[in-house]
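Inspection log for the structure reproduced underneath, given as C-alpha cells.
Just so you know, all these numbers are worked out from the coordinates, no wet-lab data involved. What you see is a predicted model; the values in this text were computed from it and never measured. Note that each Cβ is placed from the backbone with ideal geometry, even for glycine, and that neighbours are counted across all protein chains shown.
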Amino acid sequence: MLVIGIDPGASGAIVMLEDDVPIEWLVMPTYKVGSATRVNASELCYFMDQGKFVDHIFIEQVGAMPGQGVSSMFNFGHSCGTVMGVVGALGYAHTMVTPQKWKKAAGLIGTDKEAARARAIQLWPEWRALDTKGKGQAFADAALIARYGK
C-alpha cells in the first residue's frame, strides 16, 4: 500500500510510505514572489505523479492560528490551496486530517513540536533525513500524517 502524507505549509514536506516504510520524501518545493514564499505546483505535481499507484493521500487540515497576521495567513492559505489544486488535478483520493487526529494516533497529544521528530526516529531509526532539526521535523510530520491513514 502506497500512501502520501502532506504537511501543506511552505515549510512543510511530502512523504511517500510504502507498507509503512518511507520510500521518497521532499521538502515542500517553493519559490519566492517578492517577499512571499509560494509552493511550486509543477514540482509538487512531478513528485507526486511518478507513475506509481498511490492508494491515498492524507493532507493536514490546518486553519488560522491566533496571533497570525493577515499576510502570513494569506500566504499559508495560498500554500494549502496550491497543494489541494495539485492533488485534485491528479485525481488522487485524499483525506484531510486535523493535527489533533494524527497526533493522537501517534501518541503526541500534549507534547511539543520536537516530539513528532522523536517519534518518527523511533519508528524509522535508519531514516537519516530525520536527523536535521528543521527539515527532519517537516518530514516527521508528513510521515506521521501518512501513517495515520494506513
### Query
With each run of n ≥ 4 DSSP H residues scored as -39500 (n - 2.57), what mean residue ellipticity at 222 nm is computed for the chain after dividing by its residue count and rounding to the nearest 500 deg cm²/dmol?
-13000 deg cm²/dmol
### Query
What list do you get for Glu60, Glu114 if you sort them by fewest beta carbons within 10 Å?
Glu114, Glu60
### Message
If I build a Gaussian network model for the chain, linking alpha-carbon pairs within less than 10 angstrom, which residue out of Trp127, Trp102, Trp25 has the largest mean-square fluctuation?
### Response
Trp127
### Query
Stretch Ala105-Ser42 to full length: gain in nm at 0.36 nm per residue minus the Cα-Cα span?
19.5 nm
### Message
With an 8 Å Cα cut-off and a minimum separation of 6 or more residues, compute the relative contact order for region 16-150 in percent.
### Response
29 percent
### Query
For labels at Lys135 and Gln50 in the simple 7 Å Cα→Cβ model, what's the distance in nm?
1.5 nm
### Summary
In a Gaussian network model of the chain with springs linking alpha carbons closer than 10 Å, the residue among Ala13, Ala41, Ala93 that fluctuates most is Ala93
## Note on the structure
Expected max-MSF residue from Val21, Val33, Val83 in the GNM of the chain (alpha carbon, under 10 Å) is Val33
### Task
Count the DSSP beta bridges whose two residues both fall in the chain, then state the antiparallel fraction as a percent rounded to the nearest 5.
65 percent
